[in-house]
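Read the structure below first, then the notes.
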């Protein structure tokens, strides 16, 4: 019974599906019989317009170099330098990648004891990379003399990366804040402070080290 | 855009080598596009942001040159030489001198389902090690993503790198929050920390299956949380199983 009903239903479905096809075929046959050179009653007045995106120089990338001072916990302060690149998603948010390197100094213990060196020369090289998200929290303008106004922003960043120091890679969380000044439309100066935090057991016990960096950078938008 | 990257890179190179005077000339070589204002007026702001004050208003039917774009703001110049920044939304309602509508590409609500590329930064936990991840994806259809990612693994006893490629199925890309499933494979390189154990670096192939949730924050950003179960095909007798959790901030375009 059930089966019979199914067959019936399927046949009906098949028939309804096939019908429009037949009708269409007939219509096509008729139209092909008509003269092909029939004049159009209404000439379309609307021309097709190609919409092209405006050719504007988009400058959302920013890249440049920085130099500064980093205070490596227990190892004194050193000169740090490196490169940074950013992509500006919106006027509020950007992503930033930073690489930097510094040569760590000596701990007070090494200085006082005279001879005992905790690290070899290559282990003293402090190299890091950091991938961060930044927020332009306080945009504004800086007035230089009476005629020039330069856009500026105070921003905050939060990132993660790795620090290669004392023979090991350390997972590093970076928080920072900076001030960006657009000297021209495409050249920017940054003054920023970063705190690189990572766990280290170098001096016997596990601790979270805080490595503060102050830097000045020059970047270009493109 | 490509041209501008090239010219700016050249400009940077020039600036670095001390021949900075040539740079602005190079940067200004692209001929600016012109549009005719259709709104009652267009505000020119002093900087590329909504907080900057409007310093001048351009009337309807005035012609303005489009000089450069930064995020959603376009720097324009009027016929009498005044410059300022205009939001993309206002330029969408202008015409070219020939009368054609102007399009300024940018994010729209449709781009949630129509975008092609995704790039993300993530962090998480891979079997106890911290993860720094860079992810990329290409949407073949709104439901099907081809993905690739590189991860730096930073643990207490060993460090490593993981590179994977795979596919993911997004159940309901049109929803604000949607679950997804992913599978893939890749290569895992582990180097134990030299100070703790005397062991050699090893590189093994690996495969994963995982599931996650992704939610749109705006018309440009996604937040993704994902769990993956990895099987590492080691050269030892037993394969290793590792769980991974990640959270990633993703930009799509």
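The values are calculated or read from the model by the stated rules, or taken from the named source; none is laboratory data. As the structure is a computational prediction, the values presented were derived from the model and not from experiment. Quick reminder, even Gly has a Cβ in these numbers, built from the backbone with ideal geometry, and neighbours come from all protein chains shown.
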query: Can you spot a residue in region B:109-125 that is surrounded by 17 or more Cβ atoms within 10 Å (Cβ to Cβ) and more than 23 Å from residue B:222 (Cα to Cα)?
result: no
In region B:219-253, anything loosely packed, with under 13 Cβ neighbours inside 10 Å and farther than 20 Å from residue B:153 by Cβ is listed as B:237, B:238
Exercise for the section: Determine if region A:156-179 includes at least one residue that is assigned by TED's automatic domain parsing to the domain that holds residue A:97, loosely packed, with under 15 Cβ neighbours inside 10 Å, under 25 Å from residue B:71 (Cβ atoms) and out of contact with any strand residue (DSSP E or B) (no Cβ under 6 Å at 6 or more places or on another chain). Expected result: no
Exercise. Is it fair to say residue B:130 is in contact with a strand residue (DSSP E or B) (Cβ under 9 Å, 6 or more places away or on another chain), in the same structural domain as residue B:227 (by TED's automatic domain parsing), under 21 Å from residue B:232 (Cα atoms) and part of a loop (DSSP other than H, G, I, E, B)?
Worked result: no
When region A:188-214 is checked residue by residue, the ones that are surrounded by 19 or more Cβ atoms within 10 Å (Cβ to Cβ) and within 21 Å of the chain's Cα centre (by Cα) are A:188, A:190, A:192, A:194, A:196
The condition from (1) more than 10 Å from chain A (Cβ to nearest Cβ); (2) at pLDDT below 85; (3) within 30 Å of residue B:214 (Cα to Cα) that residue B:118 misses is numbered (2)
Being under 20 Å from the mean Cα position of the chain (by Cα) and modelled with pLDDT under 95 is the requirement here; does residue B:166 meet it?
no
Heads up, the strands (runs of 3 or more DSSP E) in region B:172-253 (entirely inside) with at least 2 residues that are within 14 Å of chain A (Cβ to nearest Cβ) are B:177-192, B:221-233, B:240-252
All conditions in (1) within 13 Å of chain A (Cβ to nearest Cβ); (2) under 30 Å from residue B:46 (Cβ atoms) are true of residue B:157 except (2)
Selection from region A:201-222 of residues within 11 Å of chain B (Cβ to nearest Cβ) and touching a residue at least 24 places away in the same chain (Cβ under 8 Å) yields A:202, A:218, A:219, A:220, A:221, A:222
